[in-house]
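Below is one structure; the comments refer to it alone.
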Amino acid sequence: MKFASAIVVLSAIADAALMVGASTCGDCQPSSGYLVTRLWNIVGNLTDQDVIDEFHSGFAPEVTKMDGFYRYTAAKTGNESTVFFMNIFDTADHAHSAQEAAKKFVEEGSLNGNISPNIFTEDEIIAYYNSEECVKTDSNGHFLATRFNAQDNPSLFSSGNVTSDMNEANDSFKAISGYLSFVASQSVDATTSFFFNIYETAAGAQAANDEILTMNAEENYVMGNITPTMGEIEFDYLCSVGNFPDSKTDETPTADAKVMGGVSSSAFTHRLYGSVYAAVVAMLM
């Protein structure tokens, strides 16, 4: 009887252990959340790729394991003296914690004195569109177009305007070849907003930026001052994909690690069998 009971308990323990490492955001990438962005100036002797590599090996393993993690993306900007990163989290507090952690990573590491803040944002996502209804793949190697808006007219982003305006904008972006996604976010006081598109090609991403910049100029800069970037995505971690880094290396996660939400198979196995052993002893005594 004790042996049979032990088997039942062990089965439950194994199921629970697998759940610990699983994605917390479901099978599809969430279409809501809180977006934080960081456009850094490179002021030292590093290249933009050097800076990306440093965040990739040092900060990616940290931020992808923070509570509420949805996304961590790095991209070049078309300007070798700047580099861009963004995170999406489930709550404003979790997103803010990631923003502060990124600053701390710079202050306490080798990037201190080599990069400095250019534009940082902390927003709520107000519109999220994708070419696929269920996003289950990352965007490594695709191209990111970003636009930071500092506007003088917050009423443009009132609840009555946002939905129709974003739908219309997305229709325009979808008409550009290679469209993958369009995301819009805004600050709490609606004085700044941030937009990004992802395209399969650099030409598509640049066309999206050009379209908005031209429209803004033709409409007497009604959208405010826009700061654009466009470049290739160098890494892209998504909670729905589970492609989290195991440690401070550039190695691709193993299949086991992806299934377990970034937990290395050896670490997971150690914890699992430790739990199994303790349960067996307790049940059979």
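Some notes on this structure:
- Selection within the stretch 173-190: residues that are open to solvent by 50 Å² or more (accessible area, probe 1.4 Å) and farther than 20 Å from Asp138 by Cα. The member of this set that is farthest from the chain's Cα centre (by Cα) is Ala175.
- Qualifying residue in the stretch 199-219 (condition: at pLDDT below 90 and touching a strand residue (DSSP E or B) at 6+ places or on another chain (Cβ under 8 Å)): no
- Considering residues of the stretch 223-243 that are in a loop (DSSP other than H, G, I, E, B) and in contact with a helix residue (DSSP H, G or I) (Cβ under 7 Å, 6 or more places away or on another chain) only, the residue most open to solvent (accessible area, probe 1.4 Å): Met223
- When residues of the stretch 31-44 are limited to those that are under 20 Å from Tyr128 (Cα atoms) and open to solvent by 20 Å² or more (accessible area, probe 1.4 Å), the one modelled with the highest pLDDT: Tyr34
- Subset tally (residues that are at pLDDT 95 or above and open to solvent by less than 30 Å² (accessible area, probe 1.4 Å)) for the stretch 126-169: 5
- For the stretch 55-106, filtered to residues that are of a type in the set (A, V, I, L, M) and part of a helix (DSSP H, G or I), the residue that is surrounded by the most Cβ atoms within 10 Å (Cβ to Cβ) is Ala98.
- For the stretch 191-221, a residue qualifies if it is out of contact with any Pro (no Cβ under 9 Å at 6 or more places or on another chain), open to solvent by less than 60 Å² (accessible area, probe 1.4 Å) and not in a helix (DSSP H, G or I), and the qualifying residues are Thr192, Ser193, Phe194, Phe195, Phe196, Asn197, Ile198, Tyr199.
- Taking residues in the stretch 70-91 that are in contact (Cβ under 8 Å) with a residue 24 or more places away in the chain, and partners anywhere that are hydroxyl-bearing (Ser, Thr, Tyr) and not in a strand (DSSP E or B), the pairs with Cβ atoms closer than 7 Å and at least 6 places apart or on different chains are Tyr72/Thr64; Glu80/Thr47; Val83/Thr77; Phe84/Thr77.
- Ala175 being out of contact with any Leu (no Cβ under 9 Å at 6 or more places or on another chain), hydrophobic (A, V, I, L, M, F, W, C) and closer than 22 Å to Phe84 by Cβ: no
The values are calculated or read from the model by the stated rules, or taken from the named source; none is laboratory data. What you see is a predicted model; the values in this text were computed from it and never measured. Please note: Cβ atoms are built from the backbone with ideal geometry, for glycine as well, and neighbour counts cover all protein chains shown. In case anyone asks, the SASA skips ligands and DNA or RNA and just uses the protein heavy atoms, side chains included. Shrake-Rupley method; radii C 1.70, N 1.55, O 1.52, S 1.80 Å.
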